[in-house]
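Let me begin by presenting the structure, written as structure tokens, before commenting on it.
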Amino acid sequence: MSGVLSTIGATPIVELTKLDPNSSVRIFAKLESHNPGGSIKDRSALEMLQERIRDGQLVPGKSTVIESSSGNLGIGLAQICAYHGIRFICVVDPRTNRQNIAIMRAYGAEVEVVTDVDPVSGEYLPVRIRRVRELVESITHAYCPNQYANPLNPRAHHSTVREILDALPTLDFVFCATSSCGTLRGCAEYLRRHQLPAQVVAVDALGSAIFGPPVGGRLIPGHGASVRPSLYADGLADQVIRVHDLDAIVGCRRLAAREAILAGGSSGAVVSALDVVRDRIPPGSTCALVFPDRGERYLDTIYNDDWVAMHFGDVAHLWKEPEMEAMSC
Ligand SMILES: Cc1ncc(COP(=O)(O)O)c(C=O)c1O
């Protein structure tokens with residue numbers, strides 16, 4: 001592999017010592033925002049396309065890749081298709097942030113926004129999937145990676161967890177935000193295949209349908225899914241933590257304030273999940289938190305005080321540092 005694609009993977013891992021200075025466990029973060037497309041989904045995109053280019057199913061200049069994505073996978077695919085000169089159509093919905101759409105278009109992707117929700121579920125995802133099927137049937141030499149069912153998606157994450165294992169002296173818990181189940185499944189598969197004892201904690205949104213019926217809606221894209229993906233299997237996770245959107249926001253704001261890491265919503269959800277299980281983690285354990293993307297794409301939402309107040313009320317005290325409050329008096 002050459003060019004920018006050769007920089008996908010091998011992302012940095014850093015110790016978080018300021019998130020909780022009294023922590024009895026060591027906490028490390030795998031910063032997937034350092035992938036060239038800005039997220040963990042670069043790995044899945046590369047694995048799913050590279051294999052098909054190798055076996056001749058995808059032919060630069062002739063094939064069209066078509067996928068439904070709320071953003072990060074779309075950006076990863078757009079980047080790889082641009083590199084190889086492959087046409088790419090991404091089907092998104094109105095919840096997709098405008099910047100993500102602009103980035104995909106900047107890479108040369110065609111972006112189609114579905115506008116109606118599915119009349120049965122009230123969700124956009126079934127409508128997006130139907131539109132992808134229509135496009136695949138109507139365009140010759142079309143290929144849909146289908147991240148929700150493609151075994152190459154989890155396979156991409158064997159390296160994610162292997163890199164964590166290589167970087168740390170021991171590993172007891174790995175926390176992964178979950179949507180397609182690619183990260184969760186890939187990490188769990190690798191650990192079990194190598195008979196490694198680390199536990200996998202899956203982090204989902206409260207309003208998601210992956211691990212059970214949704215509880216309310218969800219506003220933050222990234223983690224969570226409105227339909228259980230085919231890649232889901234019982235027992236992949238040792239523990240499942242479902243996080244309210246507000247707790248994901250608090251996690252993000254604390255990360256920015258204490259660790260100077262501007263991370264996306266699912267990273268905040270992972271931080272919040274660690275808080276939930278912390279008392280059950282034996283002292284001296286090593287925890288790895290996988291941070292899937294960066295915060296710049298959430299400046300209008302998670303990091304916008306007006307947006308947060310509009311949806312959750314007056315909640316800034318939840319992340320304000322005590323010394324900052326004193327300074328503002
Ligand atoms: C920001 C973010 N976090 C978490 C996930 C979940 O990852 P996976 O699809 O591997 O379950 C995604 C997937 O798109 C994502 O974009």
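Each value in this text was obtained by applying a stated rule to the coordinates, not by laboratory testing. Everything quoted here is computed from the prediction, not taken from an experiment. Note: ideal-geometry Cβ built from the backbone for every residue, glycine included; neighbour counts use all protein chains shown.
Observations on the structure shown:
- The label point for V14 and the one for D306, both projected 7 Å from the Cα toward the Cβ, are 3.0 nm apart.
- Highest-first packing order for the peptide set 145-153, 262-270 is 262-270, 145-153, based on the mean count of other beta carbon atoms within 10 Å.
- Cα centroid of segment 132-149 to Cα centroid of segment 170-233, whole Å: 25 Å
- Potential lengthening of the chain between S138 and R228 amounts to 29.7 nm, from the contour at 0.36 nm per residue minus the alpha-carbon distance.
- A Förster radius of 56 Å combined with the Cβ-Cβ distance from I53 to V276 puts the calculated FRET efficiency at roughly 0.85.
- Between 0 and 90°, nearest 10: helix 158-167 axis offset from the chain longest Cα axis: 30 degrees
- Proximal lysines relative to K41, as straight alpha-carbon distance under 30 Å, when same-chain residues fewer than 8 apart are discounted: K18, K30, K62
- Bridge orientation summary for the chain: considering DSSP beta bridges with both residues in this region, about 15 percent are antiparallel.
- Listed by chain and number, the aspartates and glutamates whose alpha-carbon sits under 13 Å from that of K320, ignoring those within fewer than 8 places in the same chain, are D305.
- Dipole magnitude of the chain, debye to nearest 20 (Cβ charges: Lys/Arg +1, Asp/Glu -1, about Cα centre): 780 debye
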